[in-house]
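The structure appears below as structure tokens.
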Amino acid sequence: MKAYLSVFHIRRKMELQYRGAMLGGILCQMFFGLILISLYRALYASKPQELPISHVVSYVWLQQAFFRMLLASDPDLGDKIRTGSISYDLCRPMDLYGFYYIRIMAQKLTGSLMRGIPMLCFALFLPRGWGLTLPSSPPGLAISVLALILGLLCVCALENITMAFTMRTLDAKGVQAMLNLLMLILAGNILPLTLFPDSWQKVITLLPYAQLLDAPIRFYTGEYGMDRALRILLVQIVWVFLLTLLGRLMWSRNQKRLILQGG
Amino acid sequence: MNTAKLYLHSMGMLMKSQLQYPVSFFLQTLAQLVMEGGEMLALILVIDRFDRLGQWAAGDLFFFFGMMSVTFYLTECFGRGITGNFPYLIRSGGLDTILVRPRGVLTQVLCSAVDPRRITCIAVGVTALLIGSRLSGIRWAFLKGLLLVEGILSGCVLILGLFMTEAILCIHSVKSVEFVNALTYGGRSACQYPMDIYPRPLRVLFTVIAPFAMTLHLPASCILDKPLYGWPVWAAFVSPLSGPAVFLIIYVCFQKAMRFYRSTGN
């Protein structure tokens, strides 16, 4: 456990190094948020919907703030596999899956909190109809934080599955890009999942991608009430369990038949 | 003439080298299809829910989307040298080798990369244009075709220019300056939809400073017979020229900035 904690701290410090890049990232993300919100406001002006616009606006801000949680991958692993230096990791007296899981978690958590908190503070002070609204209720906020933690566990497990593909094919840019794009669409980053057709809602909210950010955001805006909290959290826990299991299986199979690239 | 020959020759060689890994190439091309297909899916879902956007009907929205993606990905495909890692070339000192060769800097950078994987994105864009043209019942005429080509080509030149600004800033600051992405990729996202739906600051930004609205939206709205901003028809023929104009300004800035270029060593 101590070893995992220290890996976490090392990665967290590395992620904190590039403050300039972080500021650029925040500005870019906010600009994208403003563009999307103007678009949805214009769409709502043409044809108002049942779902209030303030929910859509909050959805966009929260998605932009935690963007880094979705799209941040460990660049080292790919290089290590290509050059064969993954052999050093194999010598470590710790479980390889856990090692990479904790690394990616540190990166995603630090990255998204560092970017997310300043952005959300900014978004809270924007004029009405443009900014983030306060959470629906204190318990709603509490559950959405809990759901976000489960979402983080889910996305780390997904990332490890993607990495397992990288191990298999050496150059997995294609597979990786495709899985990432699937994630952006089905996690509600390109278009809020709440705006997908109503008949799709039942299915898309059950998919693993919806557990990452969509479920926490819906708790935040009050779209999911307290009565459904237990069910949704259960779905999330099941996915965390299944994805971790699948990832572990893939990693242990890979490790057995790993061929090191010499150099 | 010699330059064009050089460009075509290096494009041919680069294509060949990319096709050396056919499976990887195929998968990456497929990934591009998923990406642009996803954007189009978002548009379809938006239209499904909202039917229309201000004065624009479903077909018009497809047409605007198609025009943007064809333009943007044509640039990414053939101008990959500039839109890709031009800033990196400056940061790493790789520009030195270019400076000692007897050809212009931009020519060589343009010749250094091509990205044929974008072909699927362009195909999605063309499909959107066709759907848009069908749904909106556009009556095509020679002049309208000319306008479409003019808009797309000057849009390409504009995007090349905008990507060059990052290289210019890079000459001064060495570090890559990512907020320029707000103009390039942000412009792509914002200008998939007609400009008149946005609030004034965004409209000014994308009409005057990075004139996507002038190069793409005015011709498109003229083809659709629905004037944008209520401007007359002849304006649609003149306004795309703002793309090359912006490119020219940025080009002059680039030449000026090159005098400050100091190698970072390698």
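Please treat every number below as a calculation from the coordinates, not as lab data. On a predicted model such as this, the values are computed, not experimentally measured, just so you know. We place every Cβ from the backbone using ideal geometry, glycine too, and count neighbours over all the protein chains shown.
If you average 1/r across every pair of different Cα atoms in region B:126-266 and take the reciprocal, what Kirkwood value do you get, in Å? Spell out each step's value before the answer.
Working: mean 1/r = 0.0612 Å⁻¹.
Taking every pair of different Cα atoms in region B:126-266, averaging 1/r and inverting gives 16.3 Å.
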Tell me the angle of helix B:58-78 to the major Cα principal axis of chain B, expressed in degrees between 0 and 90 and rounded to the nearest ten.
10 degrees
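For every helix of n ≥ 4 consecutive DSSP H residues, a contribution of -39,500 (n - 2.57) applies; sum these over the protein assembly as shown, divide by its total residues, and give [θ] at 222 nm rounded to the nearest 500 deg cm²/dmol. Walk me through the numbers before you get to the answer.
On the way: 26 runs with 371 residues, N = 529.
The per-residue figure over the protein assembly as shown is -22500 deg cm²/dmol.
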Which ³J(HN,Hα) values, rounded to whole Hz and listed in residue order, are derived for region A:154-162 from phi using the Karplus coefficients 6.51, -1.76 and 1.60 in 6.51 cos²θ - 1.76 cosθ + 1.60 with θ = phi - 60°, glycine and proline given as x?
5, 5, 5, 5, 4, 4, 5, 5, 4
Farthest towards the positive end of the dipole of the protein assembly as shown, among B:Pro201, B:Pro102, A:Ile232 and with Cβ unit charges of +1 on Lys and Arg and -1 on Asp and Glu, lies the Cα of B:Pro102
Mind computing the radius of gyration and Dmax over the alpha-carbon atoms of region A:11-118? Å is fine for both.
19.0, 61
For region A:1-38 and region A:118-153, distance of Cα centres in Å
18 Å
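So, counting K/R as plus one and D/E as minus one, what does the shell of residues with Cβ under 15 Å around B:Thr107 add up to? Mind showing how you got there, number by number?
Working: positive: B:Lys5, B:Arg80, B:Arg101, B:Arg103; negative: none.
So the environment of B:Thr107 carries a net charge of +4.
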Counting every C-alpha pair in region B:1-136, the percent lying more than 17 Å apart is 67 percent
Can you sort A:Glu50, A:Glu159 by how many other beta carbons sit within 10 Å, fewest first?
A:Glu50, A:Glu159
Over region A:2-256, what relative contact order in percent results from Cα pairs under 8 Å that are six or more residues apart?
25 percent
Work out the length of the dipole vector of chain A about its Cα centre, built from +1 on the beta-carbon of each Lys and Arg and -1 on the beta-carbon of each Asp and Glu, and round it to the nearest 20 debye.
480 debye
What span do the alpha-carbon atoms of chain A cover on each of the three principal axes, reported in whole Å from largest to smallest?
61, 40, 36
Using the charge dipole of region B:22-258 (Lys, Arg: +1 at Cβ; Asp, Glu: -1 at Cβ; taken about the Cα centre), state which of B:Met40, B:Thr29, B:Leu160 has its Cα farthest towards the positive end.
B:Leu160
When the dipole is taken about the Cα centre of region A:18-95, and only Lys, Arg (+1) and Asp, Glu (-1) are charged at their Cβ, what size is it in debye, to the nearest 20?
280 debye
GNM on chain A, C-alpha springs below 10 Å: top fluctuator among A:Ser58, A:Ser112, A:Ser136?
A:Ser136
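I'd like the projected area of chain B, averaged over all directions, using the convex hull of its alpha carbons. Report it in nm² with one decimal.
Values: hull surface 61.6 nm².
For chain B, averaging the hull's shadow over all directions gives 15.4 nm².
Under a Cβ-only charge scheme (Lys and Arg +1, Asp and Glu -1), can you give me the dipole magnitude of region B:22-258 about the Cα centre, in debye to the nearest 20?
Working: 17 positive and 13 negative charges, 55 e Å.
Computed about the Cα centre, the dipole is about 260 debye.
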So, with points 7 Å from each Cα along the Cβ direction, the B:Gln55-A:Arg168 label distance in nm works out to 5.3 nm
Charge tally for neighbours of B:Tyr229 with beta carbon under 13 Å away, counting Lys, Arg as +1 and Asp, Glu as -1, is +2
Among A:Ile53, A:Leu120, A:Leu206, the residue whose Cα sits farthest towards the positive end of the charge dipole of the protein assembly as shown (+1 at Cβ of Lys and Arg, -1 at Cβ of Asp and Glu, taken about the Cα centre) is A:Leu120
Kindly express, to the nearest 10 degrees and within the range 0 to 90, the angle between helix B:22-50's C-alpha long axis and the longest C-alpha principal axis of chain B.
30 degrees
In degrees rounded to 10, the 0-90 angle between helix B:119-135 Cα long axis and the longest Cα principal axis of chain B is 20 degrees
Normalised radius of gyration for region B:134-178, please: alpha carbon Rg relative to 2.2 N^0.38 Å, two decimal places.
1.90
Cα convex hull volume per residue for region A:27-181, in Å³, equals 139 Å³
On the Cα set of region A:1-69, report Rg and Dmax in Å, please.
17.8, 57
Give me a single rounded figure for A:190-197: the average over its residues of other chain Cβ atoms within 10 Å of their Cβ.
4
In which sequence would A:Ile26, B:Ile82, B:Ile98 go, from the one with the fewest C-beta neighbours within 10 Å to the one with the most?
B:Ile98, A:Ile26, B:Ile82
Once you treat every alpha carbon in the protein assembly as shown as an equal point and sum by Debye, what is log10 I(q)/I(0) at q = 0.07, 0.09, 0.11 Å⁻¹?
-0.43, -0.73, -1.10
Using θ = phi - 60° and the Karplus form 6.51 cos²θ - 1.76 cosθ + 1.60, what ³J(HN,Hα) does each residue of region A:49-54 get, whole Hz, x for Gly and Pro?
10, 4, 6, x, 4, 5
Less than 30 Å apart at the alpha-carbon level, and either on another chain or at least 8 residues along: which lysines does that give for B:Lys16?
A:Lys80, A:Lys173, B:Lys5
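Based on the Kirkwood radius over alpha-carbon pairs, what is the Stokes-Einstein translational diffusion coefficient of region A:107-249 at 10 °C with 1.306 mPa s viscosity, in µm²/s?
On the way: Rh = 16.3 Å.
The Stokes-Einstein estimate is 97 µm²/s.
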Give the order of A:Asp95, B:Asp196 when sorted by the count of other beta carbons within 10 angstrom, beginning with the fewest.
A:Asp95, B:Asp196
